[in-house]
4 protein chains.
Amino acid sequence: MSNSIGEKFKVTSFGASHGKALGAIVDGCPANLELSQEDIQKELDKRKPGTSSVTTPRKESDEVQILSGIFEGKTDGTPITGVIFNKNQHSKDYSMFKNTPRPSHGDFGWMSKYGNYDYNGGGRGSGRVTVGHVIGGAIAKKLLKTQDIEIISHVTQIGNIKAEPQEFSIIRENVEKNPVRCADLKAASEMEKLIIDKKSEGDSVGGIVETIAVGIPAGLGEPVFERLDGDLARILMNIGAVKGVEIGLGFDVANHTGSEINDEYHIENDKITTKTNNSGGIIGGMSNGMPIISRIAVKPTPSISKCQNSINLEKRENEKIEIKGRHDPCICPRVTIVAESSTAIILADHMIRSGFIHPANLEL
Amino acid sequence: MSNSIGEKFKVTSFGASHGKALGAIVDGCPANLELSQEDIQKELDKRKPGTSSVTTPRKESDEVQILSGIFEGKTDGTPITGVIFNKNQHSKDYSMFKNTPRPSHGDFGWMSKYGNYDYNGGGRGSGRVTVGHVIGGAIAKKLLKTQDIEIISHVTQIGNIKAEPQEFSIIRENVEKNPVRCADLKAASEMEKLIIDKKSEGDSVGGIVETIAVGIPAGLGEPVFERLDGDLARILMNIGAVKGVEIGLGFDVANHTGSEINDEYHIENDKITTKTNNSGGIIGGMSNGMPIISRIAVKPTPSISKCQNSINLEKRENEKIEIKGRHDPCICPRVTIVAESSTAIILADHMIRSGFIHPANLEL
Amino acid sequence: MSNSIGEKFKVTSFGASHGKALGAIVDGCPANLELSQEDIQKELDKRKPGTSSVTTPRKESDEVQILSGIFEGKTDGTPITGVIFNKNQHSKDYSMFKNTPRPSHGDFGWMSKYGNYDYNGGGRGSGRVTVGHVIGGAIAKKLLKTQDIEIISHVTQIGNIKAEPQEFSIIRENVEKNPVRCADLKAASEMEKLIIDKKSEGDSVGGIVETIAVGIPAGLGEPVFERLDGDLARILMNIGAVKGVEIGLGFDVANHTGSEINDEYHIENDKITTKTNNSGGIIGGMSNGMPIISRIAVKPTPSISKCQNSINLEKRENEKIEIKGRHDPCICPRVTIVAESSTAIILADHMIRSGFIHPANLEL
Amino acid sequence: MSNSIGEKFKVTSFGASHGKALGAIVDGCPANLELSQEDIQKELDKRKPGTSSVTTPRKESDEVQILSGIFEGKTDGTPITGVIFNKNQHSKDYSMFKNTPRPSHGDFGWMSKYGNYDYNGGGRGSGRVTVGHVIGGAIAKKLLKTQDIEIISHVTQIGNIKAEPQEFSIIRENVEKNPVRCADLKAASEMEKLIIDKKSEGDSVGGIVETIAVGIPAGLGEPVFERLDGDLARILMNIGAVKGVEIGLGFDVANHTGSEINDEYHIENDKITTKTNNSGGIIGGMSNGMPIISRIAVKPTPSISKCQNSINLEKRENEKIEIKGRHDPCICPRVTIVAESSTAIILADHMIRSGFIHPANLEL
């Protein structure tokens, strides 16, 4: 198994839902970046469940400790290790999942591939492992901030409810104002209601999360096989529950002609922009200086309490399964932080790779 | 720049549209695979332009030579080099593109990042570089065939015309019967008409290409950061003109509840399947034994002959551009071969990585 | 900075001498390997200082905790994290080293490259970071043991005292019997005396460490750029204080003719061996089934208490330095464990890469 | 098999001794480096056999063609492909080697690992594949020259004849004056005589090659697992016939105390040097600004015409072998170019990785 991502800014993630600890190592962050435990904790708190009507009431404390990589308040170029110790590892009996994979959940793959599967709370297949993404992303964001790059993810659709597009400044402000993390406050309250409805039915619902990154210079990404859009698509598709990724106009390009959607260039005061941004900030695999815009399709949480058909892998026979427990009826709100973090990791990596940030030392 | 993809089955691509030659090296193909020049030529011929009403009439011979890696008709474990020499390198004057980037084409990125840009025919930013993908993909397909894995890509949408879903065997048969490579023959002829219309208007049109891989064992892909869906999303998004990638139900998951789309397991005669395949053959980042289904959104060719606004990078001022030349009015039909090849490369790589194919020698 | 090694069996190391914690993550160890904290602790105890007349009397407890990767006593294919918390981080004042690099110690490189250098106890440039190698190596050894591969390192020279060659079984037995970890017990006691002498003079002394690996199948390693000898040379040269690496006859090949040292093949009972093993088990970059033998040159510890010339990097002027503290007068005995561990990591990695060990699951 | 080396400046080598062609792709060379076919040809000519009394009289033309990566006389950031077509592929019958591995030659590994082995002239196990190293190295040298870095390799020992140490400027001048490429002209003529003697006996002889790189800034290399000395050791040990690598004082450190060989710092006119260079320019895995000095032990060519014992792998029985053909009686003179090239590849790669050379564009 490989649990690392990034070439120069490399994040290695470890730990399982109900194991001793989870965390991540960031290797390759340049020295002299001011960084504190609070910078990371702040981001983890956004991901934390049990904080609103639309997430699981399950409590996870998620207190991070930095074990290495900081000297006198700044990074020193060595690997930064962030770890979260699990408080109550054995709160519950998960043995009914030992041989019976949950439909549309990773269980079956883990069981057949590795043989020895920690099925407690989903083990390393749990959404809880994204604390590693968030630790990596928090450091990446702090690094990108030194270059005036900012990233925000927000929910644009839940079920059949779609948000109206908003300005970047409004999005930044509004996502913090509602538990769904949707920038259109009217849609947000309808979404909240829909999620609570589905929860009461023992069901779950999907949605769409958009991520916008501003302040990106032109020239990130490398043509052909290490393109910026490819690397973003990869890390976003790697988030559990994501089944689609699009950049700019995305799937809607299929419905258009070139003359309708080509982004024409414009220069004014020596600043080059495009009149439209249907490309979502990336053309030919490289950033063009416009905001980078991606959207991901997030499936409904597969863990639902309704009775489902499954199989018993030991007995080799069909078996029903009912998944009790306190699952998120919709993970989109919490996925926003993971999408933001994932995007930040790739952008930080490419900023170093493309020579915009010095690989060893921020002061050089 | 990095022009390689794959960890064990690694494809390195080289060459530019109007340079001396283009090609690819495949490093990591196990020994003892029967392989001939014809195996590769056959695939290249599908990508070749100038063969139908819907592609550019521009002729490219694309005759491949294998320079290394084959001994007595079989691979010998050493790097396989396939090269295509360009016949007429300097057929045309491209100097009007030297300082004036084409809207929504990679030119601008190349110019600003590398400074010394071979603008002739788009240089290495040209779609012509996908001959490297096809060389790699042809070898990957031959390797996968030894494991009874088959991959087919077909066009499912052009502009507002959508094809009806078809059975795998029908798709295989029908794509070869029409120039659009669409399996719904009725839709295909409407698509053909639409493309010819747009061409006559000096415009272009987008579409959607679906890829289906059958015969995949359960357990390909590695959870968290080297998932199979992430790696597929990456290589597919890396294809020029692709702006979106989805697996299984894709973006439509946003509109559904868990109980509607969860794939329930079923066992019969010790064979495990899922009743539906909304996951598109991948759950938790690993294959589950069902067909792997992806779709990509392909934008309309950005090179259109209509007059467009651009800039002159040397003079630093706004400038109009008219792109003469014989461009594909819709690249979806030719992208099918590139999508097939890209999918084959990732699947071959993961088949070796996951231990289904011996890394050194097919006879072991 | 990059702190990872290995392609399939990947070790990522973290932490600094006087930081909160040090450790390593092993990613890529197949599932179903029995592994306990004791397996790792046992190896760490061999590296531990303060245990004999020839090491520093400095105490380091080095108690490892496994934070992830084990389920019900066996690996589960997920990353294995081993961590050692430092007990007394701020035992001493190291401020005299803040701007004054120690001759032949890494200080100067760290200071000039990263700017923000944790100079306490050498920070991440300290020999103490090799606990990460040992954690990785302990897991690698356990994995290799399932394939009947065994690795032993021993001291063959200290200063001008050279050990007589010994049989593998004698080496295994004798290294544990003396603090120098030399298999020739007579030489061992002379070496011990020499080390104590040098220590009393405030000086240090160098030596040679040999590593022997038995039970290796033929065919590990890949020709040209990922050869087994190259990968071994790399990890061994990467050990601090190592200035030379040789395989088999090593530098002595310069003094010989082909007819004198070629290893002739012999077959008996269908078992192929070579009559001599001047190649040290590796020819053409691949193992040939004979024992793999390497030797490394270990320089005398650069930290000596004698007064030395150095510079003050802040004042930009020459300055004398006297390094007080309890340093190893000869690190060869402790390096044996690090050489064993490093060799084990590379062999485990290549056993998986070459298809001798299944990448995901030991039971397959 | 993997045939690539380097992270940012990546060389991928292909081809076999008697195949259609051999060559290399350099991916990651920044744009705007002036580069011509002659720059590469010049280096290949130094490696070419048949040019003196001490090499094989076998003729190999080795005319390189650049197929991609150069635009208007300069690199353009895309992969640079250099290829050499073999003129007479089937000059000789090699079938006696089909099942009978030559002692101390890679044959046995190739046969047992890959099954389908091109035994003609040693196939890809032949020293001839180092044309790929030289193509990569020629480009690396040209790149390093823009930073005033220069690299020279020379022979310091053949059999029992050792050269006296010489100044860098003398070495540069003298290596071109004699076929042995030894800078001590008196020793050179004795070496030449020894080689010719061994040749007439149907035997071969080993030696030592030293490489010196000057002009290196302090701070190349990354501590722990991607150290500069480790990466140099790897690429040098990867050269066929090399059995040992040392840096600076090398194996002689074993005979010394810290006070004898520590390199004390000195500052004068704000320039920092060390009084001695026993570390060979690398401490703690990073360059310190002093010349980087390595030495490799080169074994006698294993192909000798004396009768030797071997085995027949098909018949599974012992068999004698006599290797006819025109082999180098000593490959040290030709290895100098390969060592120079290999060193240049690693230094170019680390110059980019450490931020001394811009990764995309020399003009930035």
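The values are calculated or read from the model by the stated rules, or taken from the named source; none is laboratory data. This structure is a prediction, so every number in the text was calculated from the model and none was measured. We place every Cβ from the backbone using ideal geometry, glycine too, and count neighbours over all the protein chains shown. Accessible surface is based on the protein model in full, side chains and every heavy atom, while ligands, DNA and RNA are left aside. Shrake-Rupley method; radii C 1.70, N 1.55, O 1.52, S 1.80 Å.
For the stretch A:223-346, the equivalent ellipsoid derived from the Cα gyration tensor has semi-axes of 41, 15, 14 Å, listed largest first. Counting, for every residue in D:7-14, the Cβ atoms of other protein chains within 10 Å of its Cβ and taking the mean gives 6. Over the residues of chain A, the helix contribution to mean residue ellipticity at 222 nm works out to -8000 deg cm²/dmol, using -39500 (n - 2.57) for each DSSP H run of at least 4. Relative contact order of the stretch D:243-339: 23 percent, from C-alpha pairs under 8 Å at least 6 residues apart in sequence. Inter-chain neighbour count for B:200-213: the average number of beta-carbon atoms from partner chains within 10 Å of each residue's beta-carbon is 3.
For the peptides A:234-247, A:253-266, the ranking by mean Cβ contacts within 10 Å, running from highest to lowest, is A:234-247, A:253-266. Between helix C:37-47 and chain C there is an angle of about 60 degrees, using the helix long axis and the longest principal axis of the Cα atoms.
The Rg/Rh ratio of the protein assembly as shown, with both radii computed over alpha carbons and Rh defined as the Kirkwood radius, is 0.96. Sorted shortest first, the distances from the A:Cys307 label point to those of the same residue in the other copies are 7.2, 8.6, 9.0 nm; each point sits 7 Å from Cα along Cα-to-Cβ. For the stretch A:1-104, the C-alpha radius of gyration divided by 2.2 N^0.38 Å, with N the number of residues, is 1.29.
Translational diffusion of the stretch A:192-270 was estimated from the Stokes-Einstein equation, with Rh taken as the Kirkwood radius over Cα pairs; at 4 °C and 1.567 mPa s the coefficient is 79 µm²/s. Remark: mean inter-chain Cβ contacts per residue of A:354-362 equal 5, using a 10 Å Cβ-Cβ cutoff to other protein chain atoms.
Can you give the net charge of the other residues whose Cβ lies under 12 Å from the Cβ of C:Arg172, counting K and R as +1 and D and E as -1? That works out to -3.
Surface analysis of the protein assembly as shown yields an accessible area of 32 Å² per residue, using protein heavy atoms and a 1.4 Å probe. The distance separating the Cα centre of the stretch C:1-68 from that of the stretch D:302-337 comes to 45 Å.
Sorted largest first, the principal axis extents computed over the alpha-carbon atoms of chain B equal 69, 51, 38 Å. Within the full protein context, the accessible area of C:Lys198 is estimated at about 40 Å² for a probe radius of 1.4 Å. Dipole magnitude for the stretch C:51-167: computed about the Cα centre from +1 point charges on Lys and Arg Cβ and -1 point charges on Asp and Glu Cβ, it is near 440 debye.
As a rough guide to protection, the peptides D:324-331, B:92-99, B:150-157 ranked by mean Cβ packing within 10 Å, highest first, stand as B:150-157, D:324-331, B:92-99. Mean separation of Cα pairs under 8 Å and 6 or more residues apart, divided by the residue count, gives the stretch D:194-286 a relative contact order of 31 percent. Across C:Phe9, D:Phe71, D:Phe356, the residue with the most accessible area heads the list, and the full order at a 1.4 Å probe is D:Phe356, D:Phe71, C:Phe9.
Once the Cα-Cα distance is subtracted from the 0.36 nm per residue extended length, the B:Ser95 to B:Arg172 segment shows a gain of 23.4 nm. Residues within the reach of a label modelled at A:Asp45 (point 7 angstrom out along Cα to beta-carbon, backbone nitrogen below 19 Å), restricted to the stretch A:14-29: there are none. Note on D:Asn277 and D:Ser189: with the Förster distance fixed at 25 Å, the Cβ-Cβ geometry gives a FRET efficiency of about 0.30. Excluding same-chain neighbours fewer than eight residues apart, the aspartates and glutamates reachable from A:Lys199 by a Cα-Cα span under 18 Å are A:Glu190, A:Glu322, A:Asp328, B:Glu260.
Compute the acute angle (0 to 90°) between the alpha-carbon long axis of helix C:228-237 and the principal axis of greatest extent of the alpha-carbon atoms of chain C; round to the nearest 10°. Helix C:228-237 sits roughly 20 degrees off the main axis of chain C. Rounded to the nearest 0.05, the FRET efficiency derived from the C-beta distance between D:Ser52 and B:Gln65 at R0 = 41 Å is 0.75. As a rough guide to protection, the peptides D:295-307, D:173-185 ranked by mean Cβ packing within 10 Å, highest first, stand as D:295-307, D:173-185.
Placing a label point 7 Å from Cα along the Cα-to-Cβ direction at D:Glu176 gives distances to the equivalent points in the other copies of 6.2, 6.2, 6.8 nm, listed shortest first. Note on chain B: dipole from Cβ charges, positive end direction compared against B:Gly123, B:Tyr265, B:Ile66; the farthest Cα belongs to B:Gly123. Rounding to the nearest 10 and keeping the result within 0 to 90°, find how far the Cα-based axis of helix D:185-200 lies from the longest principal axis of chain D. Approximately 20 degrees, to the nearest ten.
Pairs of Lys residues in the stretch B:79-192 that lie 8 or more places apart, or on two chains, and have C-alpha atoms under 18 angstrom apart add up to 4.
Using Cβ point charges alone (K and R +1, D and E -1), the dipole size of the stretch B:156-308 about the Cα centre works out to roughly 640 debye. The apolar share of the surface of the protein assembly as shown, taken as the fraction of accessible area on carbon and sulfur atoms (1.4 Å probe, ligands and nucleic acids excluded), comes to 48 percent. Each Cα pair under 8 Å and six or more residues apart adds its separation to the average, and for chain B the resulting relative contact order is 23 percent. Maximal additional length on extending the D:Gln147-D:Glu314 stretch stands at 54.7 nm, based on 0.36 nm per residue less the C-alpha distance. Distances between copies of B:Lys92, taken at a point 7 Å out from Cα along the Cα→Cβ vector and listed shortest first: 5.0, 6.2, 7.2 nm.
Applied to the stretch C:148-157, the Karplus parametrisation 6.51 cos²θ - 1.76 cosθ + 1.60 on θ = phi - 60° returns per-residue 3J(HN,Hα) values of 6, 9, 10, 10, 9, 10, 8, 7, 10, 7 Hz, with x for Gly and Pro. In a DSSP loop and with at most 16 other Cβ atoms within 10 Å, the GluC sites (Glu not before Pro) in the stretch B:1-69 are B:Glu63. About the centre of its Cα atoms, chain D shows a dipole size close to 1540 debye [charges on the beta carbon of Lys, Arg (+1) and Asp, Glu (-1) only; nearest 20 debye]. Each part reduced to its alpha carbon centroid, the stretch D:234-285 and the stretch C:171-185 end up 30 Å apart.
Here is the interface size for D with B: some 3400 Å² of accessible area buried, both sides summed, with a 1.4 Å probe.
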